[in-house]
Each structure stands twice: as structure tokens, then as C-alpha cells.
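A.B. asks: Below is one structure. I have some questions about it.
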Amino acid sequence: LENTRIIDTRGGDNMWIQYNPNPHNKNVGDCVIRALTLADDDEDYLRVYRELFEIGYKKCRLPNDKLVYEKWLLDHGWTKIKMPKKPNNKRFTLREYIDDNPDLQFVASISRHLTFVDRGTLIDTWNCSSKCLGNYWIKV
């Protein structure tokens, strides 16, 4: 992966790979496109970007709108899993959930952000593992 830096996160067994699939290596509020590019079989940022715009155009919504990216995920074989909770009904942090599910590959929704986890490794431009996990999507 170009534009990659591997960082062993504090404690825990999981890793964070700092990676930006944006072809110009820009940080431009494109977390949805970045996460879905990593979830895509071809990892083609520009194609994912175009597909999100096409869905958004038909729905009169922006490409990072929840209805748009959820449609993209559904169309590409991903299934939505409701936000998991601990036995005490508290939310998991992304780090806790990754540590508990090291073999799982998923697209994760956290507060105002979408990210990608590949079998115990968080891949994103920043380490968001301390944030609480919302819904997530797995490929079926």
C-alpha cells in the first residue's frame, strides 16, 4: 500500500495502519470514500467515488450521506449489523470490538466517521479506535 505507515497501538493486540487511498494523498473529509475503497474488491478510489456520486445524484443526496453509502454497501454484498453492546448494555469502543473479534473484516460507523477494519487491523488516516462503535457492515 502506498501512503502507508504501520503503527502498533498502545497496548492491545490490534494494529493501526495509517493509510490514505486518496490518489492525491489528501485529507479532504472523504472518510466514506476511503473506507469503502478499502472494503471494495478492486480498491479503486475513483470508481467508488463515482458510484457514490451516482447513487447520491439519484437520491438528491451527497456521497457521504448515510442513505447513499448504505445503498452502496448493500449493492456490494455487505450486510448491516446493529450496534453491538456489552452485557452491561454499554457500548464497545472500536478497539475493544477489534480485540474481541480479531478475525472479522468490517466497515465501522463511529461518531461522524466511517472506517475499515481488516482482521484485527484498523486501516485509516487516523487512529479512531478509542471511539465508540455504532453499526457495522460485514461481507456475506
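The values are calculated or read from the model by the stated rules, or taken from the named source; none is laboratory data. Every value quoted in this text rests on a predicted model; they were computed, and no experiment measured them. Side chains are part of the model used for accessible areas, which takes the heavy atoms of the whole protein and leaves out ligands, DNA and RNA. Shrake-Rupley method; radii C 1.70, N 1.55, O 1.52, S 1.80 Å.
A.B. asks: Per the 1.4 Å probe, what fraction of the accessible area of the chain, in percent, lies on carbon and sulfur atoms?
C.D. replies: C and S fraction of accessible area: 49 percent.
A.B. asks: Using a cut-off of 18 Å between alpha-carbon atoms, which aspartates and glutamates can reach Lys58, once sequence neighbours fewer than 8 places away in the same chain are excluded?
C.D. replies: Counting by Cα, and skipping residues close in sequence, Lys58 has these aspartates and glutamates nearby: Glu70, Asp75.
A.B. asks: Keeping all protein chains in place, calculate the accessible area per residue for segment 21-139 (probe 1.4 angstrom), answer in Å².
C.D. replies: 55 Å²
A.B. asks: Still on this structure, I have one more. From the list [x] 12; [y] 42; [z] 17, can you say which value of percent of Cα pairs over 27 Å apart was derived from the structure given?
C.D. replies: Checking each listed value against the structure points to [z].
A.B. asks: Okay, next question. Relative to the longest principal axis of the chain, what angle (0 to 90°, nearest 10) does the C-alpha long axis of helix 66-75 take?
C.D. replies: Once rounded, the angle reads 90 degrees.
A.B. asks: Divide by every residue of the chain the summed helix terms, -39500 (n - 2.57) for each DSSP H run of at least 4, and state the resulting mean residue ellipticity at 222 nm, rounded to the nearest 500 deg cm²/dmol.
C.D. replies: Calculated mean residue ellipticity at 222 nm is -8500 deg cm²/dmol.
A.B. asks: Shifting gears a bit: On C-alpha positions alone, give me the angle between the axis of helix 45-59 and the longest principal axis of the chain, in degrees, nearest 10.
C.D. replies: 70 degrees
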